[in-house]
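I have placed the structure first, in the form of structure tokens, so that the comments after it can refer back to it.
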Amino acid sequence: MSYSKTELQNLKEFYQDQLLHDTIPFWFPRSIDTQFGGFLLMRDHDGSLIDDDKAVWIQGRASWLLATLYATVEPKKEWLEASKCGVDFLNNYCFDNDGQMFFHVTREGQPIRKRRYFFSETFAVIAMAAYAKVSGDEAVAEKARFLFGKCIEYATTPGLLQPKFTSTRPSKGIGVPMIMINTAQQVRETIGDSRCDEWISKWIDEIERDFVKDDIRCVMEQVAPDGSIIDHIDGRTLNPGHAMEGAWFILHEAKYRNNDPHLIALGCKMLDYMWDRGWDKEHGGILYYKDVYDKPVQEYWQDMKFWWPHNEVIIATLLAFTMTGNEKYAQWHKMVHEYAYEKFHDAQNGEWFGYLHRDGTIAQTAKGNLYKGPFHLPRQEWYCLQILEEYLKKN
């Protein structure tokens with residue numbers, strides 16, 4: 001099964017319509033906090049507010065989204081102003097005295113929690129870079145470049161941030177090279193930075209060398225520092241959707257590098273391995289966790305269906321199809337697309353529910369919390385729109 005040109009045109013129009021008339025209107029303008037700045041994003045199925053606290057990384061994600069829409073879809077003044085509202089909130093309230101960012105703050109910007117990782121910083125980088133590109137604010141661009149440099153330090157300097165575990169069983173996760181690849185790609189595509197290409201290559205090399213296991217057809221979520229598998233529960237736990245997100249980051253890089261054949265092969269291989277492990281053959285959808293040796297998984301939500309892996313796999317399969325023409329990826333894309341828009345989408349109120357039981361029934365109705373907000377779904381719809389517009393022009 002492949003896609004005809006008409007089907008791809010219809011798909012492009014579907015993503016555009018969902019993005020602009022369903023997903024974005026759910027969040028904006030009602031989520032803009034005109035009193036204290038930033039965004040109020042913890043919302044129930046109908047858009048009602050369930051909490052007025054603010055997750056710092058989602059403040060950055062929302063700011064990035066709005067600036068990106070302004071740059072690539074339509075230069076709406078309200079999108080630019082709202083992006084600035086988020087960037088200003090980040091700068092005014094979300095940095096501690098030591099330069100690290102908070103993870104969770106009150107509506108007014110009072111700190112509640114810091115995390116051991118630096119993902120608040122990475123999303124602040126892409127927010128500031130995207131906003132700086134469309135606003136021309138060079139001071140914000142310089143702040144983004146400075147913060148990008150701090151993220152490189154955090155990613156490469158052991159002991160700089162408080163460790164989560166003792167030194168008894170050292171490990172490293174795929175999340176750091178993944179998030180840094182995507183952060184560098186966004187910086188490169190908005191304000192530019194001479195460090196990006198070299199570091200992207202290093203992080204891709206690390207993923208290929210240490211996390212991709214050809215002998216067992218798998219992409220590990222964490223490994224020992226030398227890349228070996230840690231045969232304990234945490235070390236064996238896979239997150240298929242996360243690995244397939246990494247696959248499309250690498251395919252995106254392949255496209256940037258004139259369809260680099262090695263990177264195309266690597267990205268497709270990662271997608272192949274983790275589709276086989278993650279797709280639920282009984283109920284459909286992407287399982288959240290799997291054990292690398294098919295042993296029981298510790299986390300009780302291991303067989304639930306979360307919204308964001310489906311967004312990432314929709315991107316990965318469509319990108320793989322448009323780059324390779326392999327009909328397998330068209331089939332997989334159709335499977336995950338149809339499952340996700342049937343099960344997660346709220347036709348009455350817009351946007352997606354975040355959490356389903358394994359059988360596809362809704363586990364709870366929140367559409368915004370400390371972890372879910374206007375990012376994975378609108379990024380998916382926006383990115384797929386970009387992919388298809390480019391592909392249809394060429395073909």
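Solvent-accessible area per residue in the chain equals 41 Å², computed with a 1.4 angstrom probe and all protein chains kept.
Taking label points 7 Å from Cα along the Cα-to-Cβ direction, Thr6 and Ser171 give a separation of 5.1 nm. Over the chain, what percent of the accessible surface lies on carbon and sulfur atoms, probe 1.4 Å? Carbon and sulfur atoms account for 48 percent of the accessible area of the chain. Helix-only arithmetic for the chain: the sum of -39500 (n - 2.57) across DSSP H runs with n ≥ 4, divided by the residue total, places the mean residue ellipticity at 222 nm at -17000 deg cm²/dmol. What separates the Cα centres of the range 117-177 and the range 328-395 is a distance of 27 Å.
Most tightly packed first, judged by the mean number of other beta-carbon atoms within 10 Å of their residues, the peptides 29-35, 69-75, 58-64 read 58-64, 69-75, 29-35. In plain terms, the chain from Glu390 to Tyr371 could stretch by 3.7 nm, reckoned as 0.36 nm per residue minus the Cα-Cα distance.
Could you list, in their original order, any pairs among Lys54/Lys202; Lys269/Lys334; Lys77/Lys114 whose Cα atoms are separated by more than 30 Å?
On the way: Lys54/Lys202 34 Å; Lys269/Lys334 19 Å; Lys77/Lys114 33 Å.
Over 30 Å apart, Cα to Cα: Lys54/Lys202; Lys77/Lys114.
Stokes-Einstein, applied to the Kirkwood radius of the range 157-228 over Cα pairs at a viscosity of 0.692 mPa s and 37 °C, places its translational diffusion at 242 µm² s⁻¹.
Each peptide among 357-365, 162-170 gets the average number of other Cβ atoms lying within 10 Å of its residues, and from highest to lowest they stand as 357-365, 162-170.
Positive end of the dipole of the range 250-395 (Cβ unit charges, origin at the Cα centre): among Phe344, Phe306, Leu385, the Cα lying farthest that way belongs to Leu385.
So which of Lys143/Lys164; Lys12/Lys281; Lys150/Lys372; Lys143/Lys255; Lys150/Lys172; Lys5/Lys343 end up more than 23 Å apart, counting from Cα to Cα?
Working: Lys143/Lys164 28 Å; Lys12/Lys281 27 Å; Lys150/Lys372 25 Å; Lys143/Lys255 28 Å; Lys150/Lys172 19 Å; Lys5/Lys343 26 Å.
Checking Cα-Cα distances, Lys143/Lys164; Lys12/Lys281; Lys150/Lys372; Lys143/Lys255; Lys5/Lys343 exceed 23 Å.
Using the Cα gyration tensor of the range 31-162, with a ≥ b ≥ c the square roots of its eigenvalues, what is the shape: rounded (a/c below 1.5), prolate (a/b larger than b/c) or oblate (neither)? Oblate shape, in that a/c is at least 1.5 and b/c is the bigger or equal ratio. Among the GluC sites (Glu not before Pro) in the range 269-329, those placed in a DSSP loop whose Cβ has at most 13 other Cβ atoms within 10 Å are Glu282, Glu299.
The values are calculated or read from the model by the stated rules, or taken from the named source; none is laboratory data. The structure presented is a predicted model; accordingly, all values stated were derived computationally and were not measured. Methodologically, a virtual Cβ is constructed for each residue, glycine included, from the backbone with ideal geometry; neighbour enumeration extends over all protein chains shown. For the accessible areas, the whole protein counts, side chains as well, though only heavy atoms, and no ligand, DNA or RNA atoms are used. Shrake-Rupley method; radii C 1.70, N 1.55, O 1.52, S 1.80 Å.
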